[in-house]
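Working notes, structure below.
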Amino acid sequence: MRNGSPLKKKIWATAGGKGGTGKTVVTSNMALLLAELGHKVILVDADLGSANLHTCLGVRQPGKTLSDFIFSKDVPLESLAIDTPYQNLKIISGSNDRLSIANMQHAQKTRLLRHIEKLEADYILIDLGAGTNFNVLDFFLRSDMGVLVVMPEPTSIENLYRFIKSAVIRIIKKNLPPEVYKDIKISIDRYGTNQTMDSLIEVIKEKEGVFGYRIKEEIDNFTPKLIVNQIRSSEEAILGPSISEITQKYLGVRLDYIGHVSYDDTVHLAVKNFTPFLLHSPNCKASIEMRVAMKRLLAKNTQ
Ligand SMILES: Nc1ncnc2c1ncn2[C@@H]1O[C@H](COP(=O)(O)OP(=O)(O)OP(=O)(O)O)[C@@H](O)[C@H]1O
Ligand SMILES: [Mg+2]
């Protein structure tokens, strides 16, 4: 992840592997909380192909969206940032986009990332959507803080695990000469399941020296944050720490458990009313838990 000082602009990215866990709802409410604190926030809907962040914030489908930037050299990214009904909060929409994030070419992705980094804001929050394709992983790995939203269901946990494992493999691939990676790739799938990822890194260190140490360092710096959303019982509340434990053991990744947000009908109602749930029902359980999670995220932000 990017090394940023606490005073510099911060890029946060939200992902989670599976669809429907609450990534967009959580991201829009996180953005609102940051904006309420007086920070200038830009939300970027990079869930190209299924963008709906604007709807959660009650913004009509904007005329211009990310495609206009991606397919034209004359459309500055900042010109796509439109006002939301909320002070300090702007959005760059991905609605109606002509391509999906999975199909974005390398040059398009690098240019978009470069321009996102140049946007004038205190915080830039990127909603990445579902999936584990290379582009989603690269956006996530380039952020200052990656937030993962999981649901207490085996399918969601499985996809989350796959997402983190894919991110580790992406780090390994990026740091190895292609011919070396080709040899490792054949057996890479058994790591993180039968054997730990740490044991693979040890093998790489032994064989490839400096490349292995670089990979280890990058994986040590990769510390995504975890929010368990839509929990329905106190038993489900202990899921977060267990997921972190398993991730550390098998993937060698420190997954920082931030907290949970309960399943709450008011969240559903808020979405139906095109309003962030923190404003729709400021005192509901989900709102209270979201504020606690945000406090913890901000505390991590300055570490
Ligand atoms: N804490 C919650 N309590 C109740 N319902 C929730 C909660 N979080 C999310 N939902 C419901 O789940 C729906 C999907 O949420 P959201 O669109 O944020 O998921 P997503 O992970 O962004 O999905 P996608 O992968 O399709 O982008 C919401 O419309 C809302 O109705
Ligand atoms: Mg979404």
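Read-outs throughout are calculated quantities, based only on the coordinates presented, and are distinct from any laboratory measurement. This is a predicted model, so every value here is computed, not measured. When we count neighbours, we look across all protein chains shown, and the Cβ atoms used for this are built from the backbone with ideal geometry, even at glycine.
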(request) Output the peptides 124-136, 251-263, 20-32 sorted from most to least packed, where packing is the average of other Cβ atoms within 10 Å over each peptide's residues. (result) 20-32, 124-136, 251-263
(message) Under a Cβ-only charge scheme (Lys and Arg +1, Asp and Glu -1), can you give me the dipole magnitude of the chain about the Cα centre, in debye to the nearest 20?
(response) 460
(message) Suppose R0 equals 35 Å. What FRET efficiency, 1/(1 + (r/R0)^6) with r the Cβ-Cβ distance, do Gln195 and Ser50 give to the nearest 0.05?
(response) 0.50
(message) What are the extents of the Cα atoms of the range 105-210 along their three principal axes, in Å, largest first?
(response) 44, 36, 24
(request) For the range 1-103, calculate the relative contact order in percent as a whole number, restricting contacts to Cα pairs under 8 Å that are 6 or more residues apart. (result) 31
(request) Treat each spin label as a single point 7 Å out from the Cα along the C-beta direction, and report the Ala107 to Val180 distance in nm. (result) 2.9
(message) As an exercise, find the ratio Rg/Rh for the range 184-303 from alpha-carbon atoms, using the Kirkwood inverse-distance average for Rh.
(response) 1.14
(message) A 32 angstrom limit on the alpha carbon distance is what I want to check against. Which of Lys64/Lys182; Lys118/Lys185; Lys23/Lys182; Lys165/Lys300; Lys23/Lys109 exceed it?
(response) Lys64/Lys182; Lys118/Lys185; Lys23/Lys182
(request) Tally the DSSP beta bridges in the chain and give the antiparallel ones as a percent, rounded to 5. (result) 5
(request) Please report the relative contact order for the range 62-165, taking Cα pairs under 8 Å with a sequence separation of at least 6, and give it as a percent rounded to a whole number. (result) 20
(request) Take the chain, connect every pair of alpha-carbon atoms lying under 10 Å apart with a spring to form a Gaussian network, then pick out the residue of Val180, Val150, Val267 with the largest mean-square fluctuation. (result) Val180
(request) Answer with one residue from Asn175, Gln87, Ile164: the one whose Cα lies farthest towards the positive end of the charge dipole of the range 10-301, charges on Cβ with Lys, Arg +1 and Asp, Glu -1. (result) Asn175
(message) Just to be sure I understand: if I project the alpha-carbon convex hull of the chain onto a plane and average over all orientations, what area do I get in nm²?
(response) 15.2
(request) Pairs of Cα atoms under 8 Å, at least six residues apart: use those to get the relative contact order of the chain, whole percent. (result) 23
